[in-house]
Amino acid sequence: MIVLAALLTIASGLQLGAEVPYVQRVITIPAEHADWPQAEAARALGLPDLTAVKLGSGVREIRIGDMWPSGETRSPVLRLVDFGDGEVFGELIWVRPLASGDCGGAGGGTTCAEVARFSEEPDWSRVTRDLEGMEAWSIFQRCDSPLDPPQTSPTSALDIRTLAGTVYSSYLCVAPSGRTEREAGRVAARIYEYFLALAGSAIPPGQK
């Protein structure tokens with residue numbers, strides 16, 4: 001377990017073009033998934049763990065990521081901050097293991113994180129509304145059944161973490177694309193496919 005103590009008001013995300021008024025708080029959190037792409041991207045870019053901060057009234061943030069895929073060198077992470085007044089800040093982040101000293105973005109330990117570029121910047125307000133309609137901001141029902149056979153070697157996962165004011169929530173669905181037998185699984189699969197499609201519309205890292 002990791003214990004985080006309240007110290008001061010901080011404004012994080014400055015290097016990414018958005019001043020988000022995070023306030024640290026006291027909370028005890030599990031260290032599980034601490035090395036997944038979403039957590040690694042936050043560390044590399046200097047973003048706070050959402051369990052360790054709170055936001056002002058009406059402000060909310062969602063981060064969507066995957067697990068480290070087998071045989072891949074990078075993984076996408078989506079970050080949206082809805083300020084509640086019609087203003088939405090959004091970005092897609094590529095995160096990869098830092099096998100060498102070369103990192104075109106922000107490096108943190110053994111990880112490199114780079115903000116993705118698009119030939120045409122997405123309408124982040126629309127992305128926020130789309131995800132709202134898919135229940136990404138409020139999803140909580142497990143995507144599988146306790147009777148399902150265990151996933152022995154999963155290669156994908158829907159990792160969602162949200163913070164609305166002081167309320168933090170997280171959601172995890174392993175192998176979401178195959179969870180179509182139950183409605184909760186189909187909801188997770190739709191969110192995951194939308195997330196992958198958005199990542200697929202970005203300019204691949206290293207390409208001019």
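In the range 161-171 there is no residue matching the filter, namely being surrounded by fewer than 16 Cβ atoms within 10 Å (Cβ to Cβ), among the basic types (Lys, Arg) and not in a loop (DSSP other than H, G, I, E, B).
Condition check ((1) of a type in the set (Gly, Ala, Ser); (2) at pLDDT 90 or above; (3) in a strand (DSSP E or B)) across all residues:
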| site | (1), (2), (3) |
| --- | --- |
| Asp35 | no, no, no |
| Gly56 | yes, yes, no |
| Glu72 | no, no, no |
| Leu78 | no, yes, yes |
| Asp85 | no, no, no |
| Phe89 | no, yes, yes |
| Leu92 | no, yes, yes |
| Gly104 | yes, no, no |
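Figure legend. Inter-residue proximity from the range 166-178: first residues within 12 Å of Ser138 (Cα to Cα), second residues of a type in the set (Ser, Thr, Tyr) and surrounded by fewer than 19 Cβ atoms within 10 Å (Cβ to Cβ), beta-carbon distance below 6 Å, spacing 6+ or different chains. Indicated pairs: Tyr168/Thr51.
Which ones in the range 119-143 are among the hydrophobic types (A, V, I, L, M, F, W, C), loosely packed, with under 13 Cβ neighbours inside 10 Å and not in a loop (DSSP other than H, G, I, E, B)?
Our first condition is that a residue be among the hydrophobic types (A, V, I, L, M, F, W, C); within the range 119-143, this holds for 124, 127, 131, 134, 136-137, 139-140, 143.
With the extra rule that they be loosely packed, with under 13 Cβ neighbours inside 10 Å, the set shrinks to 140.
Across the range 119-143, there are no qualifying residues.
Kindly indicate whether Ala31 is among the hydrophobic types (A, V, I, L, M, F, W, C), within 15 Å of the chain's Cα centre (by Cα), closer than 29 Å to Val174 by Cβ and modelled with pLDDT under 90. Criteria not met by Ala31. In this entry, Ala189 passes the filter for residues that are modelled with pLDDT of 85 or more and aliphatic (A, V, I, L, M).
Looking only at residues in the range 141-186 that are among the hydroxyl-bearing types (Ser, Thr, Tyr) and at pLDDT 80 or above, which one is nearest to Pro37 (Cα to Cα)?
Taking the range 141-186 as the starting set, the residues that turn out to be among the hydroxyl-bearing types (Ser, Thr, Tyr) are 145, 152-153, 155-156, 162, 166, 168-171, 177, 180.
Still in the running and at pLDDT 80 or above: 156, 162, 166, 168-171, 177.
On the way: Ser156: 12, Thr162: 16, Thr166: 24, Tyr168: 19, Ser169: 18, Ser170: 15, Tyr171: 15, Ser177: 19 Å.
Among those residues, the one meeting the criterion is Ser156.
The values are calculated or read from the model by the stated rules, or taken from the named source; none is laboratory data. As the structure is a prediction and not an experimental result, all values here were calculated from the model. Glycine also receives a Cβ, built like all others from the backbone with ideal geometry; neighbour counts cover every protein chain displayed.
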